[in-house]
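Below is one structure; the comments refer to it alone.
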Amino acid sequence: MTKHLFRDDSYLRSCEARVTGINERGGLLLDRTIFFATGGGQPGDIGEIERADGSRIAVGATVFAEGKEQIIHVPAGEGPLPQVGEPVVAHIDWARRYRHMRMHTALHVICAVMKTKITGAQIGDQESRIDLNVEEPPEREAVLAAIMDAVNQDHAITTEWITDEELDANPDLIKSMSVSPPRGSGLVRLVRIGENFDLQPCGGTHVKSTQEIGLVTITKIEKKGRLNRRIRIRLDD
């Protein structure tokens, strides 16, 4: 089982680890990692695995193994691979990850200001989108003003854990209609924005405060069905 360090500290840029396995496609398994694996609309991290001799293996994708207990670091090309048991240092592409963190938090803010359910989402480092269960098209300027008000209020963002049973007893916590909360360990991770601004299950990485999101631009609002509106956003660099 891979220890997911990013769940407790999404600001870690590197970590020491040990190779626990190499799958049939050359994917590296580590005992602990800061690499986020693709899920919930957030892309997996890319970066490098540094060996003891100083050589580096480029990681072009990060995905979950079956069962989601292990994370696979997929090499970007061919080359020598480390041995099982070998100590390594994992380095993520921090600039890309940090933009994903800002984007992901921005999408949570949009969900909160729209006060509705999410029907889909896709996070990118340049543009992201969120699909919402609303019948009438939202007014762009009003939505943007509400987003930026939340950003400027500098809400703290924290995580907490509840049991599967507690989540079952509080189904309104689940905001996504398309992605089930990450379960399996008996505990579910919640992401909280402010005291009461937003609280929902999420396994992704986020910034520490809404102010870190920065300036948001709504690039487009699209109709994707009778009860589905897609909001596309970009962030100021």
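Values quoted throughout were computed directly from the atomic coordinates according to the rules given, and no laboratory measurement underlies them. Fair warning: this is a prediction, and the values are worked out from it, not measured in the lab. Reconstructed Cβ throughout: ideal geometry from the backbone, glycine too, with neighbour counts over all protein chains shown.
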Response to the item:
The simple spin-label model distance between residue 195 and residue 212, using points 7 Å out along Cα→Cβ, in nm, is 2.3 nm
Practice prompt. Please list, in chain and number order, the residues 5+ apart from residue 209 or on another chain whose amide H is under 5 Å from its amide H, with Hs placed from the backbone.
Written response: 157
Practice prompt. Starting from region 1-55, pick out the GluC sites (Glu not before Pro) whose DSSP state is loop and whose Cβ has at most 10 other Cβ atoms within 10 Å.
Written response: 24
Discussion item. Using a 7 Å offset from the Cα along the Cα-to-Cβ direction at both residue 135 and residue 177, what is the distance between the two label points in nm, to one decimal?
Written reply: 1.2 nm
Worksheet item: Counting alpha carbon pairs within less than 8 Å and at least 6 residues apart, what relative contact order, in whole percent, applies to the chain?
Response: 19 percent
Discussion item. With θ taken as phi - 60° and the coefficients 6.51, -1.76 and 1.60, list the Karplus ³J(HN,Hα) couplings across region 16-26 in order, rounded to whole Hz; mark glycine and proline as x.
Written reply: 7, 8, 10, 6, 9, x, 9, 7, 5, 9, x
Response to the item:
Checked against the positive end of the charge dipole of the chain (+1 on Cβ of Lys and Arg, -1 on Cβ of Asp and Glu, about the Cα centre), the farthest of 72, 119, 58 is 119
Worksheet, complete the sentence: Looking only at lysines whose Cα falls under 19 Å of residue 3's and that sit 8 or more positions away or on another chain, we get 68
Practice prompt. Check each of the trypsin sites (Lys or Arg not before Pro) in region 165-237 and keep only those in coil by DSSP with at most 15 other C-beta atoms within 10 angstrom; list them in order.
Written response: 183, 208, 224, 226
Worksheet entry | Distance in nm between pseudo-label sites at residue 169 and residue 187 (7 Å out along the Cβ direction from Cα) | 1.8 nm
Fill in: Cα-centred dipole magnitude for the chain, charges only on beta-carbon of K, R (+1) and D, E (-1), debye, nearest 20
580 debye
Discussion item. Taking loop as defined by DSSP and a crowding limit of 15 other beta carbons within 10 Å, which GluC sites (Glu not before Pro) in region 164-237 fit?
Written reply: 195
Worksheet, complete the sentence: If one compares the long axis through the Cα atoms of helix 94-114 with the longest principal axis of the Cα atoms of the chain, the angle in degrees, nearest 10, works out at 30 degrees
